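Q: Following this message is one structure expressed as structure tokens.
The values are calculated or read from the model by the stated rules, or taken from the named source; none is laboratory data. Small disclaimer: the values here were computed from a predicted structure and weren't measured. Here the Cβ is made from the backbone with ideal geometry for all residues, glycine too, and neighbour counts use every protein chain on show. Areas reflect the complete protein model, heavy atoms only, side chains present, ligands, DNA and RNA absent. Shrake-Rupley method; radii C 1.70, N 1.55, O 1.52, S 1.80 Å.
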Amino acid sequence: MTSPDVLIIGSGMGGGTMARALSGRGLRVLVLERGTHLPKEPQNQSPAAVFLENRYKTSEYWIDGHAGKPFKPGIHYWVGGNTKVYGAAFPRLRPQDFDDLEHEGGTAPGWPISYDDLEPYYALMEQWYWVHGEAGIDPTEGHRSTAFPFGPVPTDDYMLDLRSRLTANGLHPFSLPIGIDLQTGGNCQWCATCDAFPCRYDAKGDAEMCGINPAMAAGDVTLQTGTYVRRLVTDKSGRRVIGAEVERDGRVETITAGTVILSAGAVNSAALLLRSANDRWPTGLANSSDLVGRNYMVHNNAVLIAIDPKRENPTTFQKTMSINDFYFSGPNFAYPLGNLQPVGKVRVPMLKSEVPMAPGFVLGQMAKHSTDWWVMSEDLPDPNNRVRLAPGGGIQIDWKATNTVAHERFIEVSKEVFRDAGYRIQISRVMGIGTNSHQVGTMRFGDDPATSVLDPFCKAHDLENLYVVDASFFPSSTAVNPACTIGAQSIRVADHLLRTLGGQSATLNHPAAI
């Protein structure tokens, strides 16, 4: 396709959802993806291939700016982006997450939009991405205009027993919203390799299955893979992007477009704008605020393995519930702690990737008798935590975790939760700079061009036709998975673009009409 009306760079949650929202509306849309389609193969379900061989991760390294050493990021360049291997958890943000929220480590800044602005788009995301859930149990959830499209993911006897123990101890475990094709006639095979694995059966609600594929079926959307975007090119005024300089099959060319939507992820989107510096924008495109790449956040994450030596855990699909009782405060702690949710049931190769010197027999006994959880607290914005261009053109990440007192407190509280539920042994490990699947915040949106890069509809303040629609726009990281919010804002921006660009049915009015 030559000179599309809309050029989307990246096919992950932001770009894939945007493509679907714009499809069939009379606009010619071209999606560029640097990767190809992830192959369906036996290794999709091999813990050794996924965790020890890193078969599906990028081969590139980024630089840890503080340590001065390279590290392998948790990034996956495929059609669908990182959603090809994510856990498909679809929580909405809490309504209070959109306001200033005081933490022990500082203030999480408010957003220029409210929960109400996103609520109908959250509802549509849940429809599009096969989300299973149950409302009315999570004490922190916001109001809903619709029920979940599908009931909660089934829970086996072991996890039901654990849920009963937690409830008996005064907690409110609720069904974690999960996007999988589990409805009648769906593709889900109910296997043990879902979270952090590619889905061999096309049953994960990812941005390829639920974004790109429906977009191409609806028409007017073209996908071009194996295409790396080197830089964006502006007109002489520097106020409009006229095209993207790309490299494909060893050739360099420029693709022109009327409107450009950047959805390459919080790190790669920022790096692309920094690489696109020109005479008008010497420190990076759209960077009059000097905020492009700054305020990088990734959540404070830890894995907690709780072990009951007397009981084996035969669970196949462990990621069925979540706990938000400590989201806004903790026991004898006035500040937010965060969200607690299971990870996919651990296997020996997963543990071996973290503790390679440990004997396999010991790890096997741990995995057999454990329940495995993700302890997630908010990482606060800090302008010194940022994305830079490394010497030679690579990516450098300057990041030091914030709000760590609260996170350490949350780990201890979580251990107590499982100790009270009958698990005598707790092992925790804090994740480092390479665990960046929840990267957000490098081009925050807001009303003031001096303190934000994007406006509330994710258009760059400095340019007339450039939008950034991925997790870059987050002013705060909150303490829940960002996927549903990225997608909801993507549909909201698409609604705005259709009114602005004049596509057929130029306003969505209510997004359920799409």
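Q: Can you give the FRET efficiency for Glu412 and Asp157, using 1/(1 + (r/R0)^6), R0 = 22 Å, r = Cβ-Cβ distance, to the nearest 0.05?
A: Computed FRET efficiency for Glu412 and Asp157 comes out at 0.15.
Q: Over the chain, average the accessible area per residue using a 1.4 Å probe and give it in Å², no decimals.
A: Per-residue value: 36 Å².
Q: For segment 124-172, what log10 I(q)/I(0) values come out of the Debye formula at q = 0.24 1/Å, with one point per alpha carbon and no solvent?
A: Once normalised to I(0) and log-transformed, intensities are -0.98.
Q: So I have (i) 22.4; (ii) 26.1; (iii) 27.4, and one of them is mean projected area of the Cα convex hull in nm² calculated from this model. Which one is it?
A: From the options (i) 22.4; (ii) 26.1; (iii) 27.4, the structure gives (i).
Q: Let me ask something else. At 1.4 Å probe size, with the rest of the protein present, what percent of the exposed accessible area of segment 47-201 is carbon and sulfur atoms?
A: 50
Q: With the crude spin-label approximation of a point 7 Å out along Cα→Cβ, what separation in nm comes out for Tyr228 versus Glu245?
A: About 1.4 nm separates the two model spin labels.
Q: Next up: Roughly how many percent of the accessible protein surface of segment 272-331 is carbon and sulfur, given a 1.4 Å probe and a whole-percent answer?
A: Looking at segment 272-331 in its full context, I get 49 percent from C and S.
Q: Sticking with this one: In deg cm²/dmol, rounded to 500, what helix-only [θ] at 222 nm does the chain give when every DSSP H run of at least 4 residues adds -39500 (n - 2.57) and the total is split over its residues?
A: -6000 deg cm²/dmol
Q: Between Glu253 and Asp279, what is 0.36 nm times their sequence separation minus the Cα-Cα distance? Round to one decimal in nm.
A: 7.3 nm
Q: Pick out, in residue order, every one of the chymotrypsin sites (Phe, Trp or Tyr not before Pro) in segment 1-66 that is DSSP loop and has at most 16 other C-beta atoms within 10 Å; say none if there are none.
A: The qualifying sites are Tyr61.
Q: Between Asp235 and Thr107, how many nm apart are label points set 7 Å from Cα along the C-beta direction?
A: 4.0
Q: Segment 53-99 to segment 1-39: how many Å between their Cα centroids?
A: After rounding, the separation between the Cα centres reads 20 Å.
Q: Hey, another quick one. Compare Asp279, Asp157, Asp455, Asp97 by solvent-accessible area with a 1.4 Å probe and give them largest first, with all protein chains kept in place.
A: From most exposed to least exposed: Asp279, Asp157, Asp455, Asp97.
Q: Compute the separation of the alpha-carbon centres of segment 322-368 and segment 128-148 and state it in Å as a whole number.
A: First find each Cα centre; the distance between them is then 25 Å.
Q: Separate question: Beyond 26 Å between alpha-carbons counts as too far, so tell me which of Lys69/Lys415; Lys84/Lys400; Lys204/Lys345; Lys84/Lys415 fall in that bin.
A: Lys69/Lys415; Lys84/Lys400; Lys84/Lys415
Q: Sticking with this one: Label-point separation (nm) for Arg424 and Asn384, each offset 7 Å from Cα along Cα-to-Cβ?
A: Going from the Arg424 label point to the Asn384 one covers 4.6 nm.
Q: So if each residue of separation counts as 0.36 nm, and I subtract the Cα-Cα distance between Lys69 and Ala135, what length gain in nm does that give?
A: Extra length from Lys69 to Ala135 when fully extended: 19.2 nm.
Q: What is the ratio of the Cα radius of gyration of segment 73-200 to 2.2 N^0.38 Å, where N is its residue count, to two decimals?
A: For segment 73-200, the normalised Cα radius of gyration is 1.21.
Q: With the full set of protein chains in place, find how many percent of the accessible area of segment 373-504 is carbon and sulfur; take the probe as 1.4 Å.
A: Heavy-atom surface of segment 373-504 belonging to carbon and sulfur, 1.4 Å probe: 49 percent.
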